[in-house]
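One structure is given below, encoded as structure tokens.
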Amino acid sequence: MRLDNKIAVVTGGGGGLGEAMCERLAEEGAAVAVTDVSLPNAERVAEQLLAKGARAVAIQHDVTDEQRWPAVLAEVEAALGNPNVLVNNAGIAVISTVEDETLAGWRKTQAVNLDAVFMGTQAAIATMKESGGSIINISSIEGIIGEPRVPAYNASKGGVRIFSKSAALHCAKNGYPVRVNSIHPGYVGTAMVQCALATLSEEEGNALFAELMGKIPMGRLGEPVEIANGVVFLASDEASYITGSELVIDGGYTAA
């Protein structure tokens with residue numbers, strides 16, 4: 001029970017990577033607030049955790065709504081106690097090249113993937129700077145390397161990467177016992193990846209999938225639990241000397 005003294009908030013926890021993160025955090029003893037823009041999805045995951053004996057609560061949360069952030073953290077404190085782990089996981093990905101992307105589409109991606117990470121990190125620091133905590137921002141290998149089909153996603157995830165370092169340095173400089181790190185998943189078999197591929201024709205989707213498989217040295221997509229295990233580590237006291245770092249979990253993609 002590596003996290004039996006932790007109270008974790010996971011945004012986008014109602015499915016995909018977020019669901020796996022909630023499950024692993026709870027398995028290691030954390031109380032978990034499952035937040036999601038879809039309350040039914042959050043409730044489904046929270047109910048599964050409760051059925052296994054974990055402490056959990058579901059909260060509806062549009063991460064792009066600035067006013068909701070302090071309210072959500074207050075709800076978590078009332079239900080579970082003062083949160084000391086925040087996983088900024090909520091995100092979207094849309095395939096659209098730099099020539100095809102619209103300003104509205106660009107702004108929507110930044111709002112969910114980057115602006116919300118800023119707001120969540122800011123709110124969490126205010127909550128944790130006296131008592132301590134770990135903020136884990138989910139970026140992507142697309143925040144390290146370029147991909148011509150997802151410029152808005154690239155920009156948002158690159159922003160998460162460098163913003164996390166800035167926030168980590170701020171906390172360290174001010175003596176706050178708050179660590180801030182980013183996780184950079186490679187390609188994982190989740191609904192987000194499947195939905196992105198589904199926007200292409202069958203021929204284009206198959207070609208892109210084959211291209212991806214050819215670039216992953218381990219020859220397979222990642223499993224959600226493999227990303228969640230990284231979250232557990234950074235949330236735990238085992239990572240007490242790690243801040244401003246980026247944990248890449250990609251099957252060797254960025255090493256090739």
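Just one of GLU130, GLU142, GLU147 is buried (at least 19 other Cβ atoms within 10 Å of the Cβ), out of contact with any Gly (no Cβ under 7 Å at 6 or more places or on another chain) and acidic (Asp, Glu); which is it?
Being buried (at least 19 other Cβ atoms within 10 Å of the Cβ), out of contact with any Gly (no Cβ under 7 Å at 6 or more places or on another chain) and acidic (Asp, Glu) holds for just one of GLU130, GLU142, GLU147, which is GLU142.
For residues in the stretch 35-57 being hydrophobic (A, V, I, L, M, F, W, C) and buried (at least 17 other Cβ atoms within 10 Å of the Cβ), which is farthest from VAL112 (Cα to Cα)?
Looking at residues that are hydrophobic (A, V, I, L, M, F, W, C) and buried (at least 17 other Cβ atoms within 10 Å of the Cβ), I get ALA54.
Among the numbered criteria (1) within 22 Å of SER236 (Cα to Cα); (2) within 17 Å of the chain's Cα centre (by Cα), which one does ALA54 miss?
Answer for ALA54: the failing condition is (2).
Please specify each residue of the stretch 203-252 satisfying the condition of being closer than 22 Å to GLY143 by Cβ, among the polar types (S, T, N, Q) and part of a loop (DSSP other than H, G, I, E, B).
Correct list: THR243, SER245.
Does ARG107 meet the test of being over 13 Å from the mean Cα position of the chain (by Cα), over 15 Å from ALA90 (Cβ atoms) and not in a helix (DSSP H, G or I)?
Against the criterion (over 13 Å from the mean Cα position of the chain (by Cα), over 15 Å from ALA90 (Cβ atoms) and not in a helix (DSSP H, G or I)), ARG107 does not qualify.
Restricting to the stretch 150-175, give me the number of residues that are among the polar types (S, T, N, Q) and either surrounded by fewer than 18 Cβ atoms within 10 Å (Cβ to Cβ) or at pLDDT below 95 (or both).
Count: 2.
Could you run through the stretch 110-152 and say how many residues are assigned to a helix (DSSP H, G or I) and farther than 24 Å from PRO70 by Cβ?
Total satisfying the criteria: 5.
Any residue at all in the stretch 191-213 that's at pLDDT 95 or above, open to solvent by 20 Å² or more (accessible area, probe 1.4 Å) and closer than 25 Å to ALA116 by Cβ?
First, pick out the residues of the stretch 191-213 that are at pLDDT 95 or above: none.
No - not one qualifying residue is present in the stretch 191-213.
Inside the stretch 218-252, can you point out the residues that are more than 27 Å from ASN84 (Cβ to Cβ), open to solvent by 30 Å² or more (accessible area, probe 1.4 Å) and touching a helix residue (DSSP H, G or I) at 6+ places or on another chain (Cβ under 7 Å)?
GLY219 - this is the single residue of the stretch 218-252 that is more than 27 Å from ASN84 (Cβ to Cβ), open to solvent by 30 Å² or more (accessible area, probe 1.4 Å) and touching a helix residue (DSSP H, G or I) at 6+ places or on another chain (Cβ under 7 Å).
Got a sec? Which of VAL45, VAL9, VAL32 is out of contact with any Phe, Trp or Tyr (no Cβ under 6 Å at 6 or more places or on another chain), part of a helix (DSSP H, G or I) and β-branched (Val, Ile, Thr)?
Values: VAL9 fails: part of a helix (DSSP H, G or I); VAL32 fails: part of a helix (DSSP H, G or I).
On inspection, the qualifying residue turns out to be VAL45.
For the stretch 15-34, what are the residues that are within 12 Å of the chain's Cα centre (by Cα) and either closer than 14 Å to ILE138 by Cα or buried (at least 21 other Cβ atoms within 10 Å of the Cβ) (or both)?
Answer for the stretch 15-34, where residues must be within 12 Å of the chain's Cα centre (by Cα) and either closer than 14 Å to ILE138 by Cα or buried (at least 21 other Cβ atoms within 10 Å of the Cβ) (or both): GLY16, LEU17, GLY18, GLU19, ALA20, MET21, CYS22.
Under 9 Å between Cβ atoms, at least 6 apart or on separate chains: pull out the pairs that start in the stretch 1-25 with a residue that is without any contact (Cβ under 8 Å) to a residue 60 or more places away in the chain and within 18 Å of ILE59 (Cβ to Cβ) and end on any residue that is open to solvent by 10 Å² or more (accessible area, probe 1.4 Å) and of a type in the set (Asp, Glu).
Going by the 9 Å Cβ cut-off, the qualifying pairs are GLY14/ASP36; GLY14/GLU43.
Out of VAL72, VAL112, VAL117, VAL94, report the one residue that is surrounded by 15 or more Cβ atoms within 10 Å (Cβ to Cβ) and modelled with pLDDT under 95. Before the answer, list the steps.
Working: VAL72 fails: modelled with pLDDT under 95; VAL112 fails: modelled with pLDDT under 95; VAL117 fails: modelled with pLDDT under 95.
None of the other options fit; the residue is VAL94.
For LEU200, which of the numbered conditions (1) hydrophobic (A, V, I, L, M, F, W, C); (2) within 21 Å of the chain's Cα centre (by Cα); (3) assigned to a loop (DSSP other than H, G, I, E, B); (4) closer than 25 Å to GLY15 by Cα fails to hold?
Only one criterion is unmet by LEU200, namely (2).
Report, by residue number, each residue of the stretch 1-14 that is closer than 18 Å to VAL72 by Cα and surrounded by fewer than 24 Cβ atoms within 10 Å (Cβ to Cβ). Give the steps one after another, and end with the answer.
Within the stretch 1-14, the first condition is being closer than 18 Å to VAL72 by Cα, and the residues that meet it are 6-14.
LYS6, ILE7, listed by residue number.
The values are calculated or read from the model by the stated rules, or taken from the named source; none is laboratory data. The model shown is predicted, which means the values in this text are computed figures rather than measured ones. Every residue, glycine among them, receives a Cβ derived from its backbone with ideal geometry; neighbour counts consider all protein chains shown. Only protein heavy atoms, including side chains, enter the accessible area calculation; ligands, DNA and RNA are left aside. Shrake-Rupley method; radii C 1.70, N 1.55, O 1.52, S 1.80 Å.
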